[in-house]
Amino acid sequence: MGRRLADRAAPPRGDLLARFRAERAARREEQELLSRLAVPVEPGPTIPLARAPEVGAALAGALGEPVPTPGLLPLRDLLGMIGAHQWRLRGIEVPALGARIHPWYGVFAPIRPDQVALVAEAIRRWPPAGRRALDVGTGTGVLALLLARAGARVVATDLSPRALACARENAARLGLADRLELVQADLFAGGPHDLVVANPPWLPAPAVTPLERAVYDPGGAFLSGLLAGLPARLAPGGEAWLVLSDLAERIGLRRPGELDGAIAAAGLREVDRIDRPAAHPRSRDRTDPLHEARAAEITSLRRLAAGTPRRAP
């Protein structure tokens, strides 16, 4: 069904923004249609269909125990649960951490090596050992664990209880649980902090699925709230590391200079910066309707401090 939907879809045309909107509209239609295809789940839990795989552990990991049965599950969700279970078992190698991170179902996996590598490089340049650090929106905990391994005392927040449990499991697996405090919060917790690290969703557009909220920030609300709240959460002399792609500017979702203006309006200034070119698979996919933007994408770590920039004399 997915292939048939793709085959009948007209190739996106127009400028990059028009192509982006057409691609997102097709993604919404595909999600809505394919979510209507459901499979039965019976006590066990099992799928009473020929050649159905064993799904008990995958469903328990995604839905909790006991799994509510009997019932129906959208096939797409079921396949996602099975795939996520395999990721959780095998883990994902994170070179910057020198270890594997094990994502849970519904928690965005650290599949953007450029983003993690930026924080690892910042740690090398500006060591956080002994500092009070906050990781906003921790997800699997990968950035918080980088900071903790470097000697920081870390508070990590996330609104999702599942993400916090995932981060807690990863911290225990790496022997870093005693260096990490996990707090359920939308953005900030505690403070003031010597260092705040955030890798917010980078495209100000609606998300089609809950998991896409790690990439898509409807109305730019998450980024706006983050910038507005940062100055009050920084200790004197403290700083923030903001990791953000410029894909929104390249597509036309954000005007050039708009982010700089928002940073200044929040009472922050950029004191340093590290840039990295895109390294994810879609940046090399020439069939992607946004290929030229993705191929040129730059992800930056902006080192921010409280205070407006000094004007040139």
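The values are calculated or read from the model by the stated rules, or taken from the named source; none is laboratory data. As the structure is a computational prediction, the values presented were derived from the model and not from experiment. For neighbour counting, all protein chains shown are included, and Cβ atoms are generated from backbone atoms with ideal geometry for every residue, glycine included. Only protein heavy atoms, including side chains, enter the accessible area calculation; ligands, DNA and RNA are left aside. Shrake-Rupley method; radii C 1.70, N 1.55, O 1.52, S 1.80 Å.
One residue stands out in region 246-260 among those that are open to solvent by less than 40 Å² (accessible area, probe 1.4 Å) and in a helix (DSSP H, G or I): the one that is nearest to A306 (Cα to Cα), namely L259. Within this structure, V208 passes the test of being touching a residue at least 60 places away in the same chain (Cβ under 8 Å) and in a loop (DSSP other than H, G, I, E, B). Per the listing E93, E121, the residue uniquely outside any loop (DSSP other than H, G, I, E, B), among the acidic types (D, E) and without any contact (Cβ under 8 Å) to a residue 40 or more places away in the chain is E93.
Scanning region 32-69 for residues that are on the phi < 0 side of the Ramachandran plot, of a type outside the set (K, R) and touching a residue at least 24 places away in the same chain (Cβ under 8 Å) yields a total of 20.
For region 89-112, filtering for residues that are within 14 Å of R276 (Cβ to Cβ) and either crowded, with 17+ Cβ neighbours inside 10 Å or among the aromatic types (F, W, Y) (or both) leaves 2.
Restricting attention to region 272-284, the residues that are modelled with pLDDT under 90 and either open to solvent by less than 60 Å² (accessible area, probe 1.4 Å) or under 20 Å from D260 (Cα atoms) (or both) total 4.
Quick one: count up the residues across region 195-215 that are modelled with pLDDT of 95 or more, open to solvent by 30 Å² or more (accessible area, probe 1.4 Å) and closer than 25 Å to L147 by Cβ. Counting residues in region 195-215 that are modelled with pLDDT of 95 or more, open to solvent by 30 Å² or more (accessible area, probe 1.4 Å) and closer than 25 Å to L147 by Cβ gives 1. Residue check: is A172 of a type in the set (A, V, I, L, M, F, W, C), open to solvent by less than 20 Å² (accessible area, probe 1.4 Å) and not in a strand (DSSP E or B)? Considered against the rule, which asks whether it is of a type in the set (A, V, I, L, M, F, W, C), open to solvent by less than 20 Å² (accessible area, probe 1.4 Å) and not in a strand (DSSP E or B), A172 comes out as no.
Here is a check on your reading of the model: is G98 at positive phi and within 14 Å of the chain's Cα centre (by Cα)? When the stated conditions are applied, G98 does not pass them. Candidates are the residues of region 62-77 that are modelled with pLDDT of 90 or more and within 15 Å of L211 (Cβ to Cβ); the one that is surrounded by the most Cβ atoms within 10 Å (Cβ to Cβ) is A62.
Annotation: of all residues in region 129-162 being of a type in the set (K, R) and not in a helix (DSSP H, G or I), the one that is most open to solvent (accessible area, probe 1.4 Å) is R153.
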